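To start, the structure under review is shown below, and the notes come after it.
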Amino acid sequence: MYLTKYLVLFTLVATNALALDANRIADAIYRVEGGAKAKAPYGILSVKVKDATEARKVCLNTIRNNHRRWQAAGKPGKFLDFLADRYCPKSADPIGNRNWKKNIKAISGLDF
């Protein structure tokens, strides 16, 4: 019983930590992708969005979904590199991919 409570608590803490990190990453993506002046808020091009609020929801879903994919793949490398390779693929823009990674890490203060 104690172990079950511990595992539930650990899962909740891990989930809350991801939520906080996802928000920090989304804030950084917003800035990197042009902020308030961007034609495509949060760099969302895959679906049509009404406004920045809807674009943020898509961005947060993208972060969470890619976090699950990264975990399922056995956590290959750092998560932010994994996310960058999907958000701004090397094949589409190698220089942009490198800059995106550097800027997201610098702005978010994260490097995992």
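The values are calculated or read from the model by the stated rules, or taken from the named source; none is laboratory data. Because the structure is predicted, anything quoted here is derived from the model rather than measured. Cβ: placed from backbone, ideal geometry, glycine included. Neighbour counts: every protein chain shown. What goes into the accessible areas is simple: the full protein's heavy atoms, side chains included, and nothing from ligands, DNA or RNA. Shrake-Rupley method; radii C 1.70, N 1.55, O 1.52, S 1.80 Å.
Could you tell me whether any residue of the range 7-14 is among the aromatic types (Phe, Trp, Tyr) and at pLDDT below 95?
Filtering the range 7-14 for residues among the aromatic types (Phe, Trp, Tyr) gives 10.
In the following step, the residues that additionally are at pLDDT below 95 were identified as 10.
Among the residues of the range 7-14, at least one is among the aromatic types (Phe, Trp, Tyr) and at pLDDT below 95, which makes the answer yes.
Given the options Arg64, Arg98, Arg68, name the one that is under 16 Å from the mean Cα position of the chain (by Cα) and in contact (Cβ under 8 Å) with a residue 24 or more places away in the chain. Show your work before the answer.
Working: Arg98 fails: in contact (Cβ under 8 Å) with a residue 24 or more places away in the chain; Arg68 fails: in contact (Cβ under 8 Å) with a residue 24 or more places away in the chain.
It is Arg64.
Testing Ile104 on (1) surrounded by fewer than 11 Cβ atoms within 10 Å (Cβ to Cβ); (2) closer than 20 Å to Asn23 by Cα, one condition comes back false. Which one is that?
That leaves (1) as the condition not met.
Where residues in the range 72-101 are open to solvent by less than 50 Å² (accessible area, probe 1.4 Å) and aliphatic (A, V, I, L, M), which of them is farthest from Ala22 (Cα to Cα)?
This residue is Ala84.
Tell me yes or no: at least one residue of the range 55-71 is part of a loop (DSSP other than H, G, I, E, B) and open to solvent by less than 40 Å² (accessible area, probe 1.4 Å). So that I can check it myself, show each step before the final result.
Let us first name the residues in the range 55-71 that are part of a loop (DSSP other than H, G, I, E, B), namely none.
The answer is no, given that none of the residues of the range 55-71 is part of a loop (DSSP other than H, G, I, E, B) and open to solvent by less than 40 Å² (accessible area, probe 1.4 Å).
Out of curiosity, is Leu110 open to solvent by less than 40 Å² (accessible area, probe 1.4 Å) and assigned to a loop (DSSP other than H, G, I, E, B)? Before you say what the answer is, go through the steps one by one.
On the way: open to solvent by less than 40 Å² (accessible area, probe 1.4 Å): yes; assigned to a loop (DSSP other than H, G, I, E, B): yes.
When the stated conditions are applied, Leu110 passes them.
Answer yes if at least one residue in the range 37-54 is among the polar types (S, T, N, Q) and either modelled with pLDDT of 95 or more or assigned to a helix (DSSP H, G or I) (or both), and no otherwise. Give the derivation first.
Narrowing the range 37-54 to residues among the polar types (S, T, N, Q): 46, 53.
Within this subset, residues satisfying the condition of being either modelled with pLDDT of 95 or more or assigned to a helix (DSSP H, G or I) (or both) are 53.
Within the range 37-54 (the criterion being among the polar types (S, T, N, Q) and either modelled with pLDDT of 95 or more or assigned to a helix (DSSP H, G or I) (or both)), the answer is yes, since at least one residue qualifies.
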